[in-house]
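Heads up, the thing below is written out as structure tokens.
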């Protein structure tokens with residue numbers, strides 16, 4: 001009898017102890033990470049998909065339909081209480097995917113939602129929403145044009161310009177360009193689209209000497225450049241074919257950064273590791289901070305090409 005009482009007392013002690021242990025709610029237990037405006041890449045070492053949040057500052061033009069994807073590990077991103085701080089911008093959850101799918105490049109991915117944004121008026125908007133009771137904010141800067149550059153000149157000659165005017169059902173885009181210039185030397189200046197947060201940080205010029213060989217030079221925006229003295233000659237990557245430009249083109253690469261999104265493009269003079277040839281090195285940084293590097297040797301990828 002005494003033994004039975006001892007066993008009963010032990011059971012009651014365990015039960016009373018379990019009653020004072022707090023219960024963890026499913027949301028608290030999961031505490032899964034949320035990625036806003038994310039990018040994804042495949043890690044071949046671990047065989048998993050790697051997610052990285054992008055900038056919560058979005059830049060887009062009027063009458064453009066823009067999507068912002070939201071990913072949550074675990075149960076999936078369930079967006080609630082989606083609001084915009086003022087009229088002129090519409091926001092709506094247009095897609096919710098809670099299914100797991102497999103991709104040969106990115107591995108296994110799942111559980112994302114999409115917020116679609118559309119604005120008829122320029123301005124800065126705040127878009128707020130909640131996931132698992134936690135609040136998030138997107139800052140949306142809406143402009144008439146998201147082009148990085150609005151104008152370029154060689155001396156007093158306008159090389160290109162872009163003028164945007166709003167229309168009743170969209171926007172009207174008027175583009176003027178002039179690749180042919182007079183003179184062999186002059187100041188080259190690029191005007192950035194400051195309304196969209198762009199700033200020019202430098203230029204790299206690819207031109208040809210008298211023998212048609214490529215020459216490279218880094219210059220500050222607005223400084224003097226010398227145009228090609230002959231048609232550029234270059235060989236194919238395999239080294240078997242030789243090409244010659246149709247005209248005496250001079251190629252200008254423009255480095256810039258954007259204060260709204262954090263994106264940037266940086267050009268410099270380097271060497272292509274695949275061909276071991278002198279080349280223009282391009283480092284692009286996206287809105288998540290991820291960088292991508294590429295190389296140019298024959299004028300491809302340039303922002304401006306002019307000839308005389």
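A few points about this structure:
- Neighbour counting of Cβ atoms within 10 Å sorts the residues 134, 90, fewest neighbours leading, into 134, 90.
- Fewest-first sequence of 284, 253, 267 by Cβ atoms within 10 Å of each Cβ: 284, 253, 267
- Distance between the pseudo-spin-label points of residue 278 and residue 136 (7 Å out from Cα toward the beta carbon): 4.8 nm.
- Ratio Rg/Rh, restricted to the range 149-306 and using Cα atoms, in which Rh is the Kirkwood radius: 1.00
- Calculated FRET efficiency for the pair residue 199/residue 94, C-beta based, R₀ 35 Å, to 0.05: 0.55
- With the simple spin-label model, which puts each label point 7 Å out from Cα in the Cβ direction, the residue 32 to residue 185 separation comes to 6.5 nm.
- Residue-span extension gain [residue 209 to residue 242] - 0.36 nm each, minus C-alpha spacing: 10.2 nm
- Calculated FRET efficiency, residue 83 to residue 45, Cβ-Cβ distance, R0 = 45 Å: about 0.65 to the nearest 0.05.
- Ranked for footprinting exposure by Cβ neighbours inside 10 Å, fewest first, 223, 69 give 223, 69.
- A straight chain from residue 229 to residue 300 at 0.36 nm per residue would run longer than the Cα-Cα distance by 23.7 nm.
Since every read-out is calculated from the coordinates, none of them should be taken as a lab result. This is a predicted model, so every value here is computed, not measured. For neighbour counting, all protein chains shown are included, and Cβ atoms are generated from backbone atoms with ideal geometry for every residue, glycine included.
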